[in-house]
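Any read-out appearing in this document is the output of simple, stated calculations on the displayed coordinates, not a laboratory observation. Everything quoted here is computed from the prediction, not taken from an experiment. No Cβ is skipped: glycine too gets one built from the backbone with ideal geometry, and neighbour counts run over all protein chains shown.
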């Protein structure tokens, strides 16, 4: 079955829409390969993936996708410099041990990098923490603190600061509340998710 952009999660749809046709793409933490399939089938991309979960890797391979099992914290070092046009890290940055080093690897491997992540400074998360005094469980963060894969809780402001510190250029940024866009000025408060397009 062909995946169209409208069937993708909102951050993935944005990424797919802004990747040039025929590009070489590496999707790190590609999950079940939904983005890879869309890029291959809709944009004619040479789309490859790396995923930690063996079940997801098997599902991708079963769908005819080029995916290997690997850990973003360790295995990106094996990819050559500038080997792809776009390196993608969607909803994975906050699960890595050293997000700063993973970002450096993305920008070494890819001429451009797309990074998306949940904004832990979203107002509903702030209010939930203030009101209940416990780590929030929400529609977008549905797992309790002791079983969540999220080990780094970052905000839009945190990410912008890191980009400035490392001299990384933000080419474009999109901020999402559900499937709708939020203005950049209010993003740290109003956005549930962020998508950044980066380059060195």
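I'd like the FRET efficiency for residue 98 and residue 161, computed as 1/(1 + (r/R0)^6) with the beta carbon distance as r and R0 of 22 Å, rounded to 0.05. Can you show the working numbers first?
On the way: r = 17 Å, r/R0 = 0.75.
Given R0 = 22 Å and the Cβ-Cβ separation, E is 0.85.
Over segment 64-175, what portion of Cα pair distances is larger than 21 Å, expressed as a whole percent?
Details: 2663 of 6216 pairs.
Beyond 21 Å sits 43 percent of the P(r) for segment 64-175.
Using a Förster distance of 30 angstrom, determine the FRET efficiency expected from the C-beta separation of residue 169 and residue 126, and round it to 0.05.
Values: r = 29 Å, r/R0 = 0.98.
E between residue 169 and residue 126, to the nearest 0.05, is 0.55.
Where does the chain land at 222 nm, in deg cm²/dmol rounded to the nearest 500, when only DSSP H runs of n ≥ 4 count, each adding -39500 (n - 2.57), divided by all residues?
That comes out to -9000 deg cm²/dmol.
Can you give me the angle between helix 156-166 and the longest principal axis of the chain, using Cα atoms only, in degrees from 0 to 90, rounded to the nearest 10?
The two axes meet at around 60 degrees.
Could you estimate the translational diffusion coefficient of segment 1-153 from the Stokes-Einstein equation, with Rh from the Kirkwood formula over C-alpha pairs, at 37 °C and 0.692 mPa s, in whole µm²/s?
202
Which three extents, in whole angstrom, do the alpha-carbon atoms of segment 124-200 cover along their principal axes, largest first?
Ordered largest first, segment 124-200 gives principal extents of 39, 25, 19 Å.
In nanometres, what is the gap between the two model label sites at residue 181 and residue 63, each 7 Å from Cα along Cα-to-Cβ?
The two pseudo-label positions are separated by 2.6 nm.
Using Cβ contacts closer than 10 Å as the measure, can you line up 177, 97 from fewest to most?
97, 177
Where does each of 108, 200 land when they are ranked from fewest to most other beta-carbon atoms within 10 angstrom?
Numbers: 108 17, 200 14.
Sorted ascending by nearby Cβ count, the order is 200, 108.
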